[in-house]
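Structure, as structure tokens:
The values are calculated or read from the model by the stated rules, or taken from the named source; none is laboratory data. In this text the structure is predicted, and so the values were computed from the model without any measurement. Neighbour counts run over all protein chains shown; Cβ positions are idealised from the backbone, glycine included. Surface areas here come from the heavy atoms of the whole protein model, side chains and all, with no ligands, DNA or RNA. Shrake-Rupley method; radii C 1.70, N 1.55, O 1.52, S 1.80 Å.
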Amino acid sequence: MSDIFRIGDKALNSRLFIGTGKFPRKPMIQEVIESSKSEVVTVALRRIDFDVKEENVLTYIPESCVLMPNTSGARNADEAVRIAKLARAAGCGNWIKIEVIADNKYLLPDNLETLKATEILVKEGFVVLPYMSPDLAMAKRMEDVGAAAVMPLGAPIGSNRGIKTKELVRILIDEIKVPIIVDAGIGKPSEAAEAMEMGCDAVLVNTAIATAANPVQMGRAFALAVEAGRQAYLAGTAVETQYANASSPLTGFLD
Amino acid sequence: MSFYEVYNQYKNMDFEGYFSKLTENDIHRIINKDKISALEFLALLSPVAKGSLELMARKANVLTKQNFGKAMILYTPLYLGNYCVNQCAYCGFNVNNPIPRKKLALDEVELEAKAIADTGLRHILILTGESRKGTSVDYIEECVKVINKYATVSIEIYPLEQEEYERLIKAGVDGLTLYQEVYNEQIYDEIHIRGPKKDYLNRLNAPERACKAKMRNVNIGALLGLDDWEKEAFFTGLHGQYLQDKYADTEISVSLPRMRPHAGAFTPKVNVDDKSFVQIMLALRLFMPRAGITISTREEPEFRENVLPLGVTKMSAGTTTAVGGRTQKEDTVQFDTSDKRTVDEIKEMLLSKGYQPVFKDWQLL
Ligand code: SF4
């Protein structure tokens, strides 16, 4: 059964996106990409050292992966736009994850500035994935201005608390047509499975893999969980279509 | 409102009395809390809390991993000049010390920056003494532009006005380090014998001016040894929290500089032993889980390695405290460094301990 997931012009087999910060050593990123079979990898432009091959995190990301630079460090729309343009000019492709955070205490995103940056960058031809607090009105606006997906947080970055925003994310799943990718907060594979079961299109995981005792093995665990959650979601859908079955086994006697 | 009001609120409190009422149970309860109040932070700095360092360390380790991962940001200091008009009792650069004075010419700055960049480092902390004549803001601005070709730049210089910070930020500065030295106002007055640094409030409010100017990173600290460390660490934490609450778009970090020997004789008032140093670091991490904690090459190599998992997020490497120390003869050393390892050696050490050395952490926009 093929269950291809599309964002922009890319068709993806894996619904697990991974982050590259926080690993104990850079070459491990490559091993985690292999074990997790992830096809989309986010990298903070602020940390890419283009001058030294062994220090350049891009060295460890296979060509086959979609590179999704992020605007970590941006405090407003203007900085996010500048970081995105620097990333593209440096050859990092045209995907961009917008991260605008003006709050260093909780690391919560600034939805308004994120929206502004999204609008500008979509017009500039980027495939834009905004990281945001799960607010329906804002998510609709992100969609309206051309976001390729929306990335609501499950809980604050690095908190490993799971999907605390579940009810809000569920509303986004119901109302927003572009893919919903839960980003931040997922601390365990079971929580990734939960997000997928709910009907999220993908999840992004960094801290939980990077700071595990064995990140490579944890990458595989997440891959399995995401796959299981997705299968469960699809299986659930199949049950629902059974209700729609034209054969009406329960009420056929009325005909 | 400035941090001075917060300082005044607590400066006359009965620290001893408060400490004497604490029990081990109180400490355990505090360690288990998600959010710690100012007085609870103070409790973690108490003698009673010394019995719970291992528990505090476990929590600090988890919080640090969650917030910063297994990454360690590296930077190196670059001394631009040692002209100084102040007489600080504890410092080898002070105006009364007959040491050779100099500042680097712009081409020398470039050579130093290049030498640093060749080691892989991409972040430089530039330092000067306090002399608006010897090392003027104009001069510093020119230096920043030169260094920016090789690295991002933070400054550890005399306190500036908000507009001056704005100017330097525009030139490419992304961080400020400014230690209050000592929060105790009376001791501050005694050991800053003469010079503009005598102005306690001007220094105390400088980090806030930098936040107002939209500095990305602001790093504060107290020179440990000048007054009771419990109080100094307490005020450092309160200062950090005050800035973090008010200027959420600036990353706040804290350094824990311990006094080192230098040219000239000054005996620290208190000796901050390793155990107390660790206690300060842990209490700060539990109080401010998101704050950066910097540990410099003032500390011994083995000690630096041991405290890595306890909250540290930034380290200096390949350090010299001499003006032009990388490309010229060393004859102007502010204080001795303990960790003299090369950048490569620090890098290997970090990797072997399960930490990723981060050389570049900001991209000039
Ligand atoms: S601590 Fe700074 S201001 Fe004081 S004497 Fe030394 S260099 Fe000058």
Scan segment B:93-104 residue by residue and report those that are open to solvent by less than 20 Å² (accessible area, probe 1.4 Å) and either more than 7 Å from the ligand (Cβ to nearest atom) or at positive phi (or both).
B:Leu104
Do the conditions hold for B:Glu181, that is, is it at pLDDT 95 or above, within 17 Å of B:Phe234 (Cα to Cα) and within 16 Å of the ligand (Cβ to nearest atom)?
yes
Looking at A:Lys116, is it open to solvent by 60 Å² or more (accessible area, probe 1.4 Å) and assigned to a loop (DSSP other than H, G, I, E, B)?
no
Residue check, B:Pro301 more than 14 Å from chain A (Cβ to nearest Cβ) and touching a strand residue (DSSP E or B) at 6+ places or on another chain (Cβ under 9 Å)
no
Please specify each residue of segment A:25-53 satisfying the condition of being open to solvent by 20 Å² or more (accessible area, probe 1.4 Å), touching a Leu at 6+ places or on another chain (Cβ under 9 Å), touching a residue at least 24 places away in the same chain (Cβ under 8 Å) and not aromatic (Phe, Trp, Tyr).
A:Lys37, A:Glu39
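Do we have B:Leu168 as more than 16 Å from the ligand (Cβ to nearest atom), within 14 Å of another protein chain (Cβ to nearest Cβ), open to solvent by less than 10 Å² (accessible area, probe 1.4 Å) and aliphatic (A, V, I, L, M) here?
Numbers: more than 16 Å from the ligand (Cβ to nearest atom): yes; within 14 Å of another protein chain (Cβ to nearest Cβ): no; open to solvent by less than 10 Å² (accessible area, probe 1.4 Å): yes; aliphatic (A, V, I, L, M): yes.
Spelling it out, it is not the case that B:Leu168 is more than 16 Å from the ligand (Cβ to nearest atom), within 14 Å of another protein chain (Cβ to nearest Cβ), open to solvent by less than 10 Å² (accessible area, probe 1.4 Å) and aliphatic (A, V, I, L, M).
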Kindly indicate whether B:Tyr200 is in contact with a helix residue (DSSP H, G or I) (Cβ under 6 Å, 6 or more places away or on another chain), hydroxyl-bearing (Ser, Thr, Tyr) and within 16 Å of the ligand (Cβ to nearest atom).
yes
Selected residue (criterion: least open to solvent (accessible area, probe 1.4 Å)) from residues of segment B:105-124 that are β-branched (Val, Ile, Thr) and in contact (Cβ under 8 Å) with a residue 60 or more places away in the chain:
B:Ile116
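Out of all the residues in segment B:103-122, which are more than 14 Å from chain A (Cβ to nearest Cβ) and farther than 18 Å from B:Glu156 by Cβ?
Restricting attention to segment B:103-122, the residues satisfying the condition of being more than 14 Å from chain A (Cβ to nearest Cβ) are B:103-112, B:115.
Result: B:Ala105, B:Leu106, B:Asp107, B:Glu108, B:Glu110, B:Leu111, B:Ala115.
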Any idea which of A:Gly158, A:Gly236, A:Gly199 is on the phi > 0 side of the Ramachandran plot and surrounded by fewer than 24 Cβ atoms within 10 Å (Cβ to Cβ)?
A:Gly199
Which condition number in (1) open to solvent by 40 Å² or more (accessible area, probe 1.4 Å); (2) among the basic types (Lys, Arg); (3) modelled with pLDDT under 85 is the one that B:Arg298 fails?
(1)
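So that you can scan it fast, the table gives a plain yes or no per residue for (1) away from the ligand (no atom under 16 Å from the Cβ); (2) within 18 Å of B:Ser154 (Cα to Cα); (3) open to solvent by less than 30 Å² (accessible area, probe 1.4 Å):
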position: B:Ala60; (1), (2), (3): yes, no, yes
position: B:Lys65; (1), (2), (3): yes, no, no
position: B:Pro77; (1), (2), (3): no, yes, yes
position: B:Ile126; (1), (2), (3): no, yes, yes
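Please determine, by comparing only the residues of segment B:79-90 that are of a type outside the set (Ser, Thr, Tyr) and open to solvent by 20 Å² or more (accessible area, probe 1.4 Å), which one is nearest to the ligand (Cβ to nearest atom).
Applying the first criterion (of a type outside the set (Ser, Thr, Tyr)) to segment B:79-90 yields B:80-82, B:84-89.
Cutting the leftovers down to open to solvent by 20 Å² or more (accessible area, probe 1.4 Å) gives us B:84-85, B:87, B:89.
Working: B:Cys84: 3, B:Val85: 8, B:Gln87: 6, B:Ala89: 9 Å.
Out of the qualifying residues, it is B:Cys84.
State all residues of segment A:174-192 that are hydrophobic (A, V, I, L, M, F, W, C), touching a Phe, Trp or Tyr at 6+ places or on another chain (Cβ under 9 Å) and modelled with pLDDT of 95 or more; if no residue qualifies, say none.
Quick first cut of segment A:174-192, residues hydrophobic (A, V, I, L, M, F, W, C) only: A:176, A:178, A:180-182, A:184, A:186, A:192.
Of the ones still in play, those that are also touching a Phe, Trp or Tyr at 6+ places or on another chain (Cβ under 9 Å) are A:181, A:184, A:186, A:192.
Hits for segment A:174-192 are A:Ile181, A:Ala192.
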May I ask you to list the residues in segment B:34-50 that are open to solvent by 60 Å² or more (accessible area, probe 1.4 Å) and at pLDDT 95 or above?
B:Leu39, B:Pro47
If I ask for residues that are within 7 Å of chain A (Cβ to nearest Cβ) and not basic (Lys, Arg), which ones from segment B:347-363 would you list?
B:Leu351, B:Gly354, B:Tyr355, B:Gln356, B:Val358, B:Phe359, B:Asp361, B:Trp362, B:Gln363
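Looking at segment B:171-283, what helices (runs of 4 or more DSSP H) fall wholly within it and have at least 1 residues that are open to solvent by less than 10 Å² (accessible area, probe 1.4 Å) and within 14 Å of chain A (Cβ to nearest Cβ)? Show your work before the answer.
Working: elements: B:185-191, B:200-204, B:206-212, B:229-246.
Answer list for segment B:171-283: B:206-212, B:229-246.
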Selection count, segment A:191-232, where residues are charged (D, E, K, R) and outside any helix (DSSP H, G or I)
1
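Which members of segment A:155-173 meet the condition of being within 14 Å of chain B (Cβ to nearest Cβ) and not polar (S, T, N, Q)? Let's see the steps before the verdict.
Step one: list which residues in segment A:155-173 are within 14 Å of chain B (Cβ to nearest Cβ), which gives A:155-162, A:164.
Result: A:Ala155, A:Pro156, A:Ile157, A:Gly158, A:Arg161, A:Gly162, A:Lys164.
Taking the options B:Lys50, B:Lys70, name whichever one is within 30 Å of B:Met349 (Cα to Cα), in contact (Cβ under 8 Å) with a residue 12 or more places away in the chain and more than 14 Å from every other protein chain (Cβ to nearest Cβ).
On the way: B:Lys70 fails: more than 14 Å from every other protein chain (Cβ to nearest Cβ).
Going through B:Lys50, B:Lys70 in turn, just one is within 30 Å of B:Met349 (Cα to Cα), in contact (Cβ under 8 Å) with a residue 12 or more places away in the chain and more than 14 Å from every other protein chain (Cβ to nearest Cβ): B:Lys50.
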